[in-house]
Amino acid sequence: MTTSTTATDVNQPSLQPAAPTGRKLSLPVLLLVISGVLALTSIVRIVTGADGITNVSQMSTALELAVPIGLAGLGGLWAERAGVVNIGLEGMMILGTWFGAWAGFQYGPWTGVLVGIAGGALGGLLHAFVTITFNVNHIVSGVAINILALGATRYLAPLAFEGHQGGSAKQSPPVESIGDFTIPGLSDALTELNSKGWFFVSDLAGLLGGLVTNVSWLTLVAVALIPATWWILWRSAFGLRLRSCGENPIAAESLGVNVYKYKYLAVIISGGLAGLGGAFLSIVANPFYLEGQTSGRGFIGLAAMIFGNWMPGGLALGAGLFGYTDSLNLRGGSENVHALLLLGALLLIIGAIWQAVRKKYVPAAITAVIGALVFTWYATTNEVPNQVVAATPYVITLIVLALSAQRLRMPKADGLPYRKGQGK
């Protein structure tokens, strides 16, 4: 009788499942933390004279570079909330770049976006078929998808692009611009305020100015997908059933949930989101397909998802962090990264003090020593090598994952094999 009642509740469309519980930062605390980091960054800017670390152009570029990382992370979130590990995000992004550019230069940029989504979804469908239907190890399947996507696009590129003006064996013809917008008046005012160099106020103006200056229309779509994902997965009956497949598929099946269907849908959507991230790279970030242009962003997106604890909000913060460090390659890289060494040293020292207050003396000592070494590096040099600038996004990825590992909780059945009826 209890089982019957519960099954009715789970399949009731009007059910509004509660948001996940557990330790998490409230919005006021999160805003306070962000304000503190921004104030510390402002101090570093004033001390070092590296005005580029918070100017409007830097923030605008960071937003653009964060979008494909965030979309890949959202793709990973959808798949893993349904219990399927998606290491193949990189390959699905590659498919999105190729299909997006191929359709974009022939039929227009928005058609390219849709076809790029379809290309990524095709990779997601293949991953779902192999892992769900045939129960192949998820990691093995994901790696195979990455290799297959790279090989397929390398084979198809010469056939599709050579002979067209601007095309070659490794590059597509240019794609027409999708367009962007700037909020008149507000953008100019924030840019002017940012140029004043005032403590905190100018840095906040730079951050906000980057959100309203030369923003692609596709960026708006990508940003809107973050709250949309939260609402669908945590405020709808569909999302409840999907997440139940990632937590306990046997129990979900006993309550009438078609686990295979929800896993398939989640992984196909996952591939589509990664494909959208790839299309963004080949239509917005660069108006053409170029072999190797994903540059590991699928893996960084996966790291952003883990950093965000499998939640859309945390994922967005992680994507923003990685997008910002990636943008240092394009704007004043050596000077800005050298200034961020001081910021990193200060954050490490603050972290050491926090751990000492919590009586975690060994981690506090280790963190303090690392902070001292980073400060010494900053104090004894005037710039960092270009190789360090190029490696910064990947180093930050590893550091963030290492520091956040202890507070993470992945879906309980994530990556575990499942067969229909195995609970009987």
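For this structure, a couple of remarks:
- Residue check, Thr153 in contact with a helix residue (DSSP H, G or I) (Cβ under 7 Å, 6 or more places away or on another chain), within 30 Å of Gly314 (Cα to Cα), at pLDDT 95 or above and of a type in the set (Ser, Thr, Tyr): no
- Leading residue by the ranking (farthest from the chain's Cα centre (by Cα)) among those in region 176-211 that are crowded, with 20+ Cβ neighbours inside 10 Å and under 27 Å from Trp110 (Cα atoms): Ser187
- Any chance Thr381 is open to solvent by less than 80 Å² (accessible area, probe 1.4 Å) and part of a helix (DSSP H, G or I): no
Rundown of residues vs (1) of a type outside the set (Lys, Arg); (2) assigned to a helix (DSSP H, G or I); (3) open to solvent by 10 Å² or more (accessible area, probe 1.4 Å), yes/no style:
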| residue | (1), (2), (3) |
| --- | --- |
| Asn86 | yes, no, no |
| Trp110 | yes, yes, yes |
| Asn135 | yes, no, yes |
| Tyr155 | yes, yes, yes |
| Pro158 | yes, yes, yes |
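- Taking the criterion of being farther than 15 Å from Leu89 by Cβ and out of contact with any helix residue (DSSP H, G or I) (no Cβ under 9 Å at 6 or more places or on another chain), the only residue of region 135-150 that qualifies is Asn135.
- Among the residues of region 180-225, those that are among the acidic types (Asp, Glu) and either touching a Phe, Trp or Tyr at 6+ places or on another chain (Cβ under 8 Å) or farther than 23 Å from Leu31 by Cα (or both) comprise Asp180, Asp188, Glu192.
- On the stretch given as region 363-400, residues that are more than 23 Å from the chain's Cα centre (by Cα) and among the aliphatic types (A, V, I, L, M) total 11.
- Gly166 open to solvent by less than 80 Å² (accessible area, probe 1.4 Å), over 13 Å from Tyr264 (Cα atoms), touching a residue at least 12 places away in the same chain (Cβ under 8 Å) and in a loop (DSSP other than H, G, I, E, B): yes
- A single member of Leu255, Leu276 is surrounded by fewer than 20 Cβ atoms within 10 Å (Cβ to Cβ), among the aliphatic types (A, V, I, L, M) and out of contact with any Cys (no Cβ under 6 Å at 6 or more places or on another chain), and it is Leu255.
- Test: residue in region 27-48 that is in a loop (DSSP other than H, G, I, E, B) and modelled with pLDDT under 90: no
- Residue that is nearest to Asn386 (Cα to Cα) [pool: residues in region 316-342 that are in contact with a Lys or Arg (Cβ under 9 Å, 6 or more places away or on another chain) and open to solvent by less than 20 Å² (accessible area, probe 1.4 Å)]: Ala339
- The helices (runs of 4 or more DSSP H) found wholly in region 274-374 and carrying at least 1 residues that are under 21 Å from Ile226 (Cα atoms) and of a type in the set (A, V, I, L, M, F, W, C) occupy 297-307, 312-327.
The values are calculated or read from the model by the stated rules, or taken from the named source; none is laboratory data. Note that the structure is a prediction, hence the values are computed from the model and not measured. Note that we place each Cβ from the backbone using ideal geometry, even for glycine, and neighbour counts take in every protein chain shown. Note: areas computed on protein heavy atoms with side chains; ligands, DNA, RNA excluded. Shrake-Rupley method; radii C 1.70, N 1.55, O 1.52, S 1.80 Å.
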